[in-house]
Amino acid sequence: MRAHEAGALHADINNQGPAWLRAPADVNALVPALWPRSVTRGADGAVAVAGLSVRDIAAEFGTPVYVLDEADLRSRCRDFRAAFPTEDVFYAGKAFLCRAVVRMIAEEGLHLDVCTGGELATALSAGMPPERIGFHGNNKSVAELGRALDAGVGRIIVDSFTEIDRLTALARERGVRPRVLVRVTVGVEAHTHEFIATAHEDQKFGFSLAGGAAANAAFKILDEGVLELRGLHSHIGSQIFDASGFEVSARRVLALQAQIRDARGVELPELDLGGGFGIAYTTQDDPATPQDLAKRLRKIVDSECAAENLAVPHLSIEPGRAIVGPAVFTLYEVGTVKDLDGLRTYVSVDGGMSDNIRTALYDASYSATLASRASTAQPLLARVVGKHCESGDIVVKDEFLPADVQPGDLVAVPGTGAYCRSMASNYNHVPRPPVVAVRDGQARLIVRRETEDDLLALDVG
Ligand SMILES: Cc1ncc(COP(=O)(O)O)c(C=O)c1O
C-alpha cells in the first residue's frame, strides 16, 4: 500500500478485498491454522482459549489484551526441539520477551537470542542460564558488551570491525575468551517485505560476503586470537516460506567456511542459519512444519558440506515468530461501526497501531473474528481500524465479519504474538495492553497493562 502523510492514498480504493480472500461459508468458523491450538468456539458462541471464554478474559483484564495460549507456545517449542534434537534452537527474543516467556522457553530446552541490554536484563532476571544466551545487534554499546561478558553469555554474534575491537579490548581487560560468531551478509533477498529482509548487501547488518569483509573479520579474529571464533551466522529475512533462500545462503556461507579453512587451516565448528520461518496470518499462508524445515535445512547443509569437503558443523537456528506468533491473539472491543454507503465498513476497536504496528509498517495482512458471540448474520467485508489519529491506523485491512457486528462486541485478531507487544508504542498516549497467559482454564497476568500514571511518571518536566 502506498501512503501519504494522512495514510492511504484516497484514490487507492479497493472495496473487494484481495483476490485470495473469499466470503466464508460460516462466518463463525475458526480456521485452525490461524489460531492457538486450544482455541475453540464454546457452546455459547464465544471464543474460548484453554477452556476459558474471552468474555471472562475481557471482564477480568479489560481490552485490548494480548492472550497467550501457554500450552500452544510450549508445544511449538517442543516441536522445534523434536525436529532439531542435535541442533540448538535459539528463540529470538525480539519477537516477544517477558520473564514468564523466558522461563517457558528455558523449561522447554530452548536457547535464547537477545539483541539489547534490556533484553539481556530480562533474560537474566528470569534465570535464563547465560551460557544458553546469544547476543545479537549491529550497534552493541561498550557497556552492553561488558555486561554480556560479565554475565558469561554463551556467544556473541559480532557485526562490525568496531565491535570486534571493542570486544577484544573488553575481553583482554577481563582475561576472558568469549565465543563469537561472525554475522555474514550473504546477498540473499528473502521473498518478503523490503524492510524485514535482512541479507541483501545494502543493509546495516553483518559483514558483506561479496565485498570480502566477512572473510577479513574471520581472519582478524583468528589472527588476534583473543576471541574464540566458533562459526558463521546468516539470517536472510522474515516470514519466509521458500527454503531456496536458505539453500543459497548455506552454499555461500559454507564456501566462506572452506575459504577460511584453506587460508588459516581452521574448520569452524558451528553454523547458524538464523530465523525467519513464516507463519499463517491469513488463509493464503501455508507454513512448513519444523520437521519439514529440519529435513530441508539438514539436506542443504549436508550436501554443501560434502561439496566443500567440510565436516558438518553444529547447526543452530533462531526462530522467533514461528514460536510465539501463532500462540497469541489480541482481543479488542468494538467502539464504532461506520458504513461508508457501500464503499467500505470500518470497524473501530479500542487499540490499533500502538499495539500492532505491522500492518502500517510492513503492509502485513491479518485476519479477525467476532469473538464474544456467534452470529447468524451474513458475512460483510470490513476493515478493522484502531483509535489513533492516523488514517493508516489499520489492524486488519480486509476481513469478513458478520454484518451485525456492533459496538460492545469483542473482536479477536490471531497471530499477534510476534512483533506486536514487542514493537508497541504509546502513540497518542495510549497505554500499552497487558499480556495474559491462559493454561488449563486459568488466566495469569504476565505483563500488566500500562496506566496513564505510568505515562505521567516519565513526564518530569
Ligand atoms: C538475527 C536474527 N535472528 C532471528 C530473527 C527472528 O526472525 P523470525 O522472528 O522471523 O523468526 C531475526 C529477526 O529479525 C534476526 O534478525
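The values are calculated or read from the model by the stated rules, or taken from the named source; none is laboratory data. Since this is a predicted model, take the numbers as computed values, not measurements. Positions of Cβ are backbone-derived with ideal geometry, glycine not excepted, and every protein chain shown enters the neighbour counts. Ligands, DNA and RNA are excluded from the accessible area calculation, which covers all protein heavy atoms including side chains. Shrake-Rupley method; radii C 1.70, N 1.55, O 1.52, S 1.80 Å.
Here is how the numbers come out for the structure above:
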| item | result |
| --- | --- |
| The range 213-238, subset open to solvent by 20 Å² or more (accessible area, probe 1.4 Å) and within 27 Å of the chain's Cα centre (by Cα), residue nearest to Ala294 (Cα to Cα) | His235 |
| From the options Ala95, Ala83, Ala151, Ala100, residue that is more than 23 Å from Leu227 (Cβ to Cβ) and either within 13 Å of the ligand (Cβ to nearest atom) or over 22 Å from the mean Cα position of the chain (by Cα) (or both) | Ala95 |
| Pair list, Cβ < 6 Å and 6+ apart or interchain, from the range 315-336 residues that are under 23 Å from Ala46 (Cα atoms) to residues that are near the ligand (Cβ under 7 Å from one of its atoms) | Gly325/Ala418 |
| Hits in the range 410-445 - residues which are open to solvent by less than 10 Å² (accessible area, probe 1.4 Å) and part of a loop (DSSP other than H, G, I, E, B) | Gly415, Thr416, Gly417, Ala418, Cys420, Pro433, Pro434 |
| Index of the failed condition, Ala364 passing every other in (1) over 26 Å from Asp69 (Cα atoms); (2) of a type in the set (A, V, I, L, M, F, W, C); (3) open to solvent by less than 30 Å² (accessible area, probe 1.4 Å); (4) in a loop (DSSP other than H, G, I, E, B) | (1) |
| Options Thr185, Thr86, Thr162: the member that is surrounded by 18 or more Cβ atoms within 10 Å (Cβ to Cβ) and hydroxyl-bearing (Ser, Thr, Tyr) | Thr185 |
| All positions within the range 244-275 that are at pLDDT 95 or above and open to solvent by less than 10 Å² (accessible area, probe 1.4 Å) | Val253, Leu254, Leu256, Gln257, Ala258, Ile260, Leu268, Leu271, Asp272, Leu273, Gly274, Gly275 |
| Residues satisfying the stated conditions in the range 250-271, i.e. within 16 Å of the ligand (Cβ to nearest atom) and in contact with a helix residue (DSSP H, G or I) (Cβ under 9 Å, 6 or more places away or on another chain) | Ala250, Val253, Leu271 |
| Condition check for Tyr346: within 15 Å of the ligand (Cβ to nearest atom) and aromatic (Phe, Trp, Tyr) | no |
| Selection count, the range 90-120, where residues are in contact with a strand residue (DSSP E or B) (Cβ under 7 Å, 6 or more places away or on another chain) and within 13 Å of Arg421 (Cβ to Cβ) | 3 |
| Meets criteria (touching a His at 6+ places or on another chain (Cβ under 8 Å) and open to solvent by 10 Å² or more (accessible area, probe 1.4 Å)) for Tyr346 | no |
| Top-ranked residue in the range 206-249 [being assigned to a strand (DSSP E or B) and either away from the ligand (no atom under 16 Å from the Cβ) or free of Cβ contacts under 8 Å to residues at least 60 places away in the same chain (or both); ranked as nearest to Leu310 (Cα to Cα)] | Leu232 |
| So Pro402, is it within 23 Å of Thr116 (Cβ to Cβ), at pLDDT 95 or above and more than 21 Å from the chain's Cα centre (by Cα) | no |
| In the range 287-314, residue surrounded by the fewest Cβ atoms within 10 Å (Cβ to Cβ) [restricted to those that are within 16 Å of the ligand (Cβ to nearest atom) and touching a residue at least 12 places away in the same chain (Cβ under 8 Å)] | Thr289 |
| Number of the exception - Glu333 against (1) under 30 Å from Pro407 (Cβ atoms); (2) within 16 Å of the ligand (Cβ to nearest atom); (3) surrounded by fewer than 23 Cβ atoms within 10 Å (Cβ to Cβ) | (2) |
| Residue tally, condition in a strand (DSSP E or B) and under 29 Å from the mean Cα position of the chain (by Cα), over the range 336-350 | 4 |
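Matching residues to (1) more than 25 Å from Ile279 (Cβ to Cβ); (2) among the β-branched types (Val, Ile, Thr):
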| site | (1), (2) |
| --- | --- |
| Arg383 | no, no |
| Glu399 | no, no |
| Leu410 | no, no |
| Tyr419 | no, no |
| Met423 | no, no |
| Asn428 | yes, no |
| Val438 | no, yes |
| Ala443 | no, no |
